[in-house]
(Lines give C-alpha, C1' and ligand atoms only; values in the text may rest on other atoms or scores of the structure.)
Protein backbone atom coordinates (compact mmCIF):
# COMPACT_ATOMS: atom_id res chain seq x y z
CA UNK A 1 0.00 0.00 0.00
CA UNK A 2 1.23 3.50 -0.83
CA UNK A 3 -0.33 6.38 1.10
CA UNK A 4 -4.01 6.00 1.89
CA UNK A 5 -5.03 4.22 -1.31
CA UNK A 6 -5.98 0.59 -1.02
CA UNK A 7 -6.19 -1.59 -4.05
CA UNK A 8 -8.08 -4.83 -4.48
CA UNK A 9 -6.44 -7.60 -2.49
CA UNK A 10 -8.66 -10.62 -3.15
CA UNK A 11 -11.46 -10.96 -5.70
CA UNK A 12 -14.08 -13.59 -6.43
CA UNK A 13 -15.54 -14.24 -9.89
CA UNK A 14 -18.83 -16.18 -9.87
CA UNK A 15 -21.03 -17.47 -12.69
CA UNK A 16 -24.41 -19.19 -12.54
CA UNK A 17 -26.94 -20.49 -15.05
CA UNK A 18 -29.97 -22.72 -15.15
CA UNK A 19 -29.63 -26.34 -16.32
CA UNK A 20 -30.57 -27.27 -19.88
CA UNK A 21 -34.12 -28.53 -20.43
CA UNK A 22 -34.67 -32.26 -19.95
CA UNK A 23 -33.49 -34.22 -22.98
CA UNK A 24 -31.00 -31.56 -24.13
CA UNK A 25 -27.22 -31.74 -23.66
CA UNK A 26 -25.89 -30.06 -20.52
CA UNK A 27 -24.61 -26.50 -20.78
CA UNK A 28 -21.12 -26.06 -19.31
CA UNK A 29 -19.71 -22.57 -18.65
CA UNK A 30 -16.16 -22.14 -17.39
CA UNK A 31 -14.47 -19.21 -15.66
CA UNK A 32 -11.00 -18.63 -17.11
CA UNK A 33 -8.23 -16.32 -15.85
CA UNK A 34 -5.04 -15.43 -17.72
CA UNK A 35 -2.00 -13.69 -16.23
CA UNK A 36 0.23 -11.29 -18.15
CA UNK A 37 3.74 -10.15 -17.37
CA UNK A 38 4.52 -6.46 -16.82
CA UNK A 39 7.02 -6.73 -19.68
CA UNK A 40 4.27 -7.83 -22.13
CA UNK A 41 0.81 -7.05 -20.68
CA UNK A 42 -1.01 -7.64 -24.00
CA UNK A 43 1.07 -10.53 -25.29
CA UNK A 44 0.67 -14.23 -24.69
CA UNK A 45 -0.54 -15.19 -21.21
CA UNK A 46 2.16 -16.47 -18.86
CA UNK A 47 -0.33 -19.02 -17.57
CA UNK A 48 -4.07 -19.70 -17.73
CA UNK A 49 -6.24 -20.99 -14.89
CA UNK A 50 -9.45 -22.92 -15.69
CA UNK A 51 -11.35 -26.00 -14.52
CA UNK A 52 -9.03 -28.65 -13.18
CA UNK A 53 -6.11 -26.26 -12.69
CA UNK A 54 -4.76 -23.55 -10.43
CA UNK A 55 -1.95 -21.02 -10.74
CA UNK A 56 1.56 -22.39 -10.09
CA UNK A 57 1.84 -20.26 -6.93
CA UNK A 58 -1.70 -21.03 -5.70
CA UNK A 59 -2.94 -17.43 -5.95
CA UNK A 60 -5.69 -18.11 -8.53
CA UNK A 61 -7.90 -21.15 -8.12
CA UNK A 62 -11.36 -22.51 -8.82
CA UNK A 63 -13.42 -23.04 -5.68
CA UNK A 64 -16.40 -24.49 -7.47
CA UNK A 65 -16.89 -26.11 -10.88
CA UNK A 66 -20.14 -27.17 -12.52
CA UNK A 67 -20.58 -29.06 -15.76
CA UNK A 68 -24.34 -28.53 -15.98
CA UNK A 69 -25.59 -25.53 -13.93
CA UNK A 70 -27.28 -27.74 -11.34
CA UNK A 71 -25.44 -26.24 -8.37
CA UNK A 72 -27.09 -24.26 -5.61
CA UNK A 73 -26.44 -20.54 -6.03
CA UNK A 74 -23.29 -19.77 -7.98
CA UNK A 75 -22.18 -22.70 -10.14
CA UNK A 76 -18.58 -21.65 -10.88
CA UNK A 77 -16.49 -19.62 -8.42
CA UNK A 78 -12.87 -18.53 -8.93
CA UNK A 79 -10.74 -16.75 -6.33
CA UNK A 80 -7.89 -14.39 -7.23
CA UNK A 81 -5.50 -13.51 -4.39
CA UNK A 82 -4.00 -10.51 -6.16
CA UNK A 83 -1.74 -9.18 -3.39
CA UNK A 84 0.04 -12.55 -3.29
CA UNK A 85 0.64 -12.53 -7.06
CA UNK A 86 4.31 -12.08 -7.97
CA UNK A 87 5.36 -8.50 -8.80
CA UNK A 88 6.30 -9.50 -12.34
CA UNK A 89 2.59 -9.75 -13.18
CA UNK A 90 0.78 -6.54 -14.13
CA UNK A 91 -2.50 -7.81 -15.54
CA UNK A 92 -5.03 -10.59 -15.01
CA UNK A 93 -7.87 -10.95 -17.52
CA UNK A 94 -10.94 -12.93 -16.52
CA UNK A 95 -13.44 -14.46 -18.92
CA UNK A 96 -16.18 -17.03 -19.32
CA UNK A 97 -16.18 -19.70 -22.03
CA UNK A 98 -18.88 -22.17 -23.03
CA UNK A 99 -17.78 -25.75 -23.70
CA UNK A 100 -18.59 -26.64 -27.32
CA UNK A 101 -18.50 -30.46 -27.20
CA UNK A 102 -22.20 -30.87 -28.18
CA UNK A 103 -22.22 -28.33 -31.01
CA UNK A 104 -22.00 -24.54 -31.07
CA UNK A 105 -23.57 -22.86 -28.05
CA UNK A 106 -23.63 -19.10 -27.52
CA UNK A 107 -24.65 -17.09 -24.45
CA UNK A 108 -28.06 -16.58 -26.04
CA UNK A 109 -28.55 -20.37 -25.79
CA UNK A 110 -27.79 -20.45 -22.05
CA UNK A 111 -30.72 -20.26 -19.65
CA UNK A 112 -30.51 -17.32 -17.19
CA UNK A 113 -26.74 -16.80 -17.09
CA UNK A 114 -25.35 -14.33 -14.56
CA UNK A 115 -21.96 -13.05 -13.49
CA UNK A 116 -20.77 -11.36 -10.31
CA UNK A 117 -17.29 -10.08 -9.53
CA UNK A 118 -16.69 -8.89 -5.99
CA UNK A 119 -14.11 -8.05 -3.38
CA UNK A 120 -15.43 -9.24 0.00
CA UNK A 121 -18.98 -7.83 0.10
CA UNK A 122 -18.35 -5.09 -2.46
CA UNK A 123 -19.72 -5.94 -5.91
CA UNK A 124 -17.33 -4.75 -8.61
CA UNK A 125 -19.41 -5.94 -11.58
CA UNK A 126 -22.60 -7.82 -12.39
CA UNK A 127 -23.72 -8.93 -15.82
CA UNK A 128 -26.24 -11.13 -17.59
CA UNK A 129 -24.24 -11.48 -20.84
CA UNK A 130 -26.86 -9.49 -22.83
CA UNK A 131 -24.11 -7.70 -24.81
CA UNK A 132 -22.60 -10.97 -26.02
CA UNK A 133 -25.60 -13.21 -26.78
CA UNK A 134 -24.08 -14.41 -30.08
CA UNK A 135 -20.66 -15.15 -28.57
CA UNK A 136 -19.30 -18.46 -27.28
CA UNK A 137 -16.80 -16.80 -24.92
CA UNK A 138 -16.32 -13.36 -23.40
CA UNK A 139 -13.93 -11.41 -21.28
CA UNK A 140 -15.69 -9.96 -18.23
CA UNK A 141 -13.00 -7.87 -16.58
CA UNK A 142 -9.37 -7.20 -15.99
CA UNK A 143 -7.30 -6.50 -12.92
CA UNK A 144 -4.41 -4.11 -13.47
CA UNK A 145 -1.48 -3.39 -11.16
CA UNK A 146 -0.84 0.36 -11.01
CA UNK A 147 2.49 2.17 -10.53
CA UNK A 148 2.18 1.93 -6.74
CA UNK A 149 1.68 -1.84 -6.88
CA UNK A 150 -2.04 -1.73 -6.07
CA UNK A 151 -4.57 -3.74 -8.08
CA UNK A 152 -7.50 -1.98 -9.81
CA UNK A 153 -10.49 -3.52 -11.58
CA UNK A 154 -11.93 -2.56 -14.96
CA UNK A 155 -15.09 -4.15 -16.32
CA UNK A 156 -14.35 -5.43 -19.81
CA UNK A 157 -17.09 -7.32 -21.62
CA UNK A 158 -16.00 -8.35 -25.11
CA UNK A 159 -17.45 -11.35 -26.90
CA UNK A 160 -15.52 -13.87 -28.97
CA UNK A 161 -16.55 -16.72 -31.24
CA UNK A 162 -13.95 -19.19 -30.04
CA UNK A 163 -13.77 -22.50 -28.24
CA UNK A 164 -12.29 -22.41 -24.72
CA UNK A 165 -8.75 -23.38 -25.81
CA UNK A 166 -8.56 -20.69 -28.52
CA UNK A 167 -10.22 -18.12 -26.24
CA UNK A 168 -7.57 -18.63 -23.55
CA UNK A 169 -4.88 -17.58 -26.03
CA UNK A 170 -6.62 -14.44 -27.36
CA UNK A 171 -8.59 -13.13 -24.37
CA UNK A 172 -5.87 -10.67 -23.34
CA UNK A 173 -5.28 -9.12 -26.74
CA UNK A 174 -6.02 -5.39 -27.09
CA UNK A 175 -9.74 -4.87 -27.47
CA UNK A 176 -11.75 -2.52 -29.60
CA UNK A 177 -13.41 0.41 -27.87
**Request:** Considering each residue of the stretch 102-123, count those that are loosely packed, with under 13 Cβ neighbours inside 10 Å, on the phi < 0 side of the Ramachandran plot and touching a residue at least 40 places away in the same chain (Cβ under 8 Å), and give that number.
**Result:** 2
**Fill in**
So the strands (runs of 3 or more DSSP E) completely within the stretch 21-130 holding 2 or more residues that are within 19 Å of residue 166 (Cβ to Cβ) are 29-37, 47-49, 89-98
**Fill in**
Selection over the stretch 1-20 where residues are in contact with a helix residue (DSSP H, G or I) (Cβ under 7 Å, 6 or more places away or on another chain) and part of a loop (DSSP other than H, G, I, E, B) yields a count of 2
**Request:** Of the numbered conditions (1) modelled with pLDDT of 90 or more; (2) surrounded by 20 or more Cβ atoms within 10 Å (Cβ to Cβ); (3) at positive phi, residue 78 fails exactly one; give the number of that condition.
**Result:** (3)
**Message:** Here is a check on your reading of the model: is residue 155 part of a loop (DSSP other than H, G, I, E, B), surrounded by fewer than 16 Cβ atoms within 10 Å (Cβ to Cβ), touching a residue at least 12 places away in the same chain (Cβ under 8 Å) and within 16 Å of the chain's Cα centre (by Cα)?
**Reply:** no
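Residue-wise test of (1) at pLDDT 95 or above; (2) within 15 Å of residue 168 (Cα to Cα).
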| position | (1), (2) |
| --- | --- |
| 25 | no, no |
| 35 | yes, yes |
| 49 | yes, yes |
| 92 | yes, yes |
| 107 | yes, no |
| 119 | yes, no |
| 127 | yes, no |
| 132 | yes, no |
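The values are calculated or read from the model by the stated rules, or taken from the named source; none is laboratory data. Keep in mind that what you see is a predicted model, and the values were worked out from it rather than measured. Please note: Cβ atoms are built from the backbone with ideal geometry, for glycine as well, and neighbour counts cover all protein chains shown.
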